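Enquirer: Here it is: the structure, laid out below.
The values are calculated or read from the model by the stated rules, or taken from the named source; none is laboratory data. Not measured: the values here are computed from a predicted model. Here the Cβ positions follow ideal geometry from the backbone for every residue, glycine too, while neighbour counts run over all protein chains shown.
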Amino acid sequence: MGACAAPPGLQDEAGTKSETAAVSLPCGLPILHFRRITALLVAAGEPVFRDRPHATDVRLDNYIEVMPASAVPRSWTPEQATSLAPDSASLKAAQGLASARKWTSLGHDDRFVWGLAQGSGKDPYQSQIDLDEPAFKCSCPSRKFPCKHGLGLLLLHASQPVPEAARPAWVEEWAAKRAERVAKAEAKAAQPAEAPDPAAQARRREKRQANMAAGLAFLDGWLRDLARQGFASLQGATYAFWDEAARRLVDAQAPGLARRLKLLSSLTGSAASEEQLLAGLGRLHLLVSAAQRREALTPEWQEEIDAQLGWTSDQDELRTRTGEQAVWFTAAQTSSEESGVITRTTYLFAENRPPALVLEFSHASQALASTLALGRSCSGELVRFPGVRAERALFKGPSSDAERPALRCLDSCAELLAAHAEQLAANPWRDELPTLVRLTPAFDSSGWRLQDATGALLPLARDFAARWELLACSGGHPVALCGLWNGFHFRPLSLLTAEGAASFSP
């Protein structure tokens, strides 16, 4: 898809015709940069695209009203392959290898892709991909995953499929080893796990509970002092004010409370965020009160409180539970880094199922390549973590490609607000709603909004950086988005297309 042209005859302040500048979303999707055009319309007093004056000139194709079911064979688009890049340097190097002339002995079958890439040594590197997960193997010395050869091979196969061929011996060997590992893992999972020392386990839990109780008492007093002083004093609070309290909670082995406190600290200093800050402090106080009377709650709510405080779940035990078998669509992915740990969050949607979040972690020195590629659909059994209306989940076993499920996008602001209210009523600490919407981006003197057919508006997150790109993609028409609504603003995470999804996240 190429960049489309600017409306004809439009001129800038100097009287020269506006230039068309092609830019890209982080995923590489080419779009048109409308910043200058939109600025001129606003200066002229025209609401941008409100009356769709140039809709036929600027509309981009392939944006959809709902996510219909569609066939998704074991194939990849360049955007999906790009989403697996561990960093920008690896992606740039891989793009240089995404050409058939860079490879010899290229081939693929119904599951594997392989090829030989000449490196700095005498022998070429053997690069191979299992498309089912995907999984990569390369004989090069790179510690990145996937390396530039594996990513380049996948980019090549996504843009111009390599010829079908019989697997060479080195690919057969890797395939056999992978099958052997899967068989061993299944056999190990079938065996009863060795029970830990119950007495030692009880002592460790008792000690942590005592530490957490001290942390809860500290936070309860901290919040009460804050209420007595007046919440207006928070606008002048320094970083040390929040950091010291958060460190006390980390020392008390309550990382969930510390994380919430750090998120609230980012809302100070802005009058526009005061209401959101007060709501967050209210939820934090509610969590402290619930944790202090945990024993009076039902087992389900006890599990929820434990998760909010930072207790971890035994993932091996979770995999023994019966999960939800469905076809899951990877609608969005985000990555963040904190204290040297990279966290990747994958947002999954299925027909007639609540959304699910899969978290993957790696050290910052070791790149993380998710087996869940953006915009793809896979069939598998998903197990949710304990809690009330739990969103976090994990896959019990390997997933396989499947036809994309039929997913409905909310097309009215009222529906979105009702869904968020229902979630908060069920669990007050599920303050962010992952959702699919189909709304129209709009910009006027009040700021950036998403608008439905009735004229109702929802504000966009103020720090959402791809506002102009989103506006350009829409051409004044509704677009399908995956994003988060927290009751105050909507944060788009990805643009949903007929081919899959394109990420707004870096």
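Enquirer: Being more than 21 Å from T330 (Cα to Cα) and buried (at least 23 other Cβ atoms within 10 Å of the Cβ) is the filter here, so list the residues in the stretch 474-490 that pass it.
Expert: Passing the criteria: S474, G475.
Enquirer: For the stretch 432-446, which residues satisfy the criterion of being over 16 Å from C482 (Cβ atoms) and not in a strand (DSSP E or B)?
Expert: S445, S446
Enquirer: From the list E469, E422, pick out the single residue that is surrounded by 21 or more Cβ atoms within 10 Å (Cβ to Cβ), part of a helix (DSSP H, G or I) and either acidic (D, E) or touching a Gly at 6+ places or on another chain (Cβ under 8 Å) (or both).
Expert: Values: E422 fails: surrounded by 21 or more Cβ atoms within 10 Å (Cβ to Cβ).
Testing whether each residue is surrounded by 21 or more Cβ atoms within 10 Å (Cβ to Cβ), part of a helix (DSSP H, G or I) and either acidic (D, E) or touching a Gly at 6+ places or on another chain (Cβ under 8 Å) (or both) leaves just E469.
Enquirer: Could you tell me which residue of the stretch 377-398 is surrounded by the most Cβ atoms within 10 Å (Cβ to Cβ), considering only residues that are more than 17 Å from the chain's Cα centre (by Cα) and not in a strand (DSSP E or B)?
Expert: Among those that are more than 17 Å from the chain's Cα centre (by Cα) and not in a strand (DSSP E or B), it is G387.
Enquirer: Which strands (runs of 3 or more DSSP E) sit wholly inside the stretch 96-202 and have at least 2 residues that are in contact with a helix residue (DSSP H, G or I) (Cβ under 6 Å, 6 or more places away or on another chain)? Lay out the reasoning, then the answer.
Expert: Details: elements: 103-108, 112-117, 125-130, 135-138.
Where strands (runs of 3 or more DSSP E) fall fully within the stretch 96-202 and carry at least 2 residues being in contact with a helix residue (DSSP H, G or I) (Cβ under 6 Å, 6 or more places away or on another chain), they are 112-117, 125-130, 135-138.
Enquirer: Name the one entry in R438, R467 that is of a type in the set (K, R) and either modelled with pLDDT of 95 or more or within 25 Å of A350 (Cβ to Cβ) (or both).
Expert: Working: R467 fails: either modelled with pLDDT of 95 or more or within 25 Å of A350 (Cβ to Cβ) (or both).
None of the other options fit; the residue is R438.
Enquirer: Do the conditions hold for L267, that is, is it free of Cβ contacts under 8 Å to residues at least 24 places away in the same chain and buried (at least 18 other Cβ atoms within 10 Å of the Cβ)? Walk me through how you get there before you give the answer.
Expert: Working: free of Cβ contacts under 8 Å to residues at least 24 places away in the same chain: yes; buried (at least 18 other Cβ atoms within 10 Å of the Cβ): yes.
Yes: the conditions hold for L267.
Enquirer: When you check T334 against the structure, is it surrounded by 17 or more Cβ atoms within 10 Å (Cβ to Cβ), of a type in the set (S, T, Y), over 30 Å from L223 (Cβ atoms) and outside the structural domain of L264 (by TED's automatic domain parsing), yes or no?
Expert: Values: surrounded by 17 or more Cβ atoms within 10 Å (Cβ to Cβ): yes; of a type in the set (S, T, Y): yes; over 30 Å from L223 (Cβ atoms): no; outside the structural domain of L264 (by TED's automatic domain parsing): yes.
Judged against the criteria, T334 is not a match.
Enquirer: Now for a different question. Within the stretch 438-491, work out how many residues are over 26 Å from L277 (Cα atoms), touching a residue at least 40 places away in the same chain (Cβ under 8 Å) and either within 18 Å of the chain's Cα centre (by Cα) or not assigned by TED's automatic domain parsing to the domain that holds A414 (or both).
Expert: 2
Enquirer: While we're here: Tell me which of these F136 doesn't satisfy, since it passes every other one: (1) surrounded by 18 or more Cβ atoms within 10 Å (Cβ to Cβ); (2) over 16 Å from L84 (Cα atoms); (3) among the aromatic types (F, W, Y).
Expert: It fails just one condition, (2).
Enquirer: May I ask you to verify whether L495 is crowded, with 18+ Cβ neighbours inside 10 Å and either touching a helix residue (DSSP H, G or I) at 6+ places or on another chain (Cβ under 8 Å) or at pLDDT 95 or above (or both)? Steps first, please.
Expert: Numbers: crowded, with 18+ Cβ neighbours inside 10 Å: yes; either touching a helix residue (DSSP H, G or I) at 6+ places or on another chain (Cβ under 8 Å) or at pLDDT 95 or above (or both): yes.
When the stated conditions are applied, L495 passes them.
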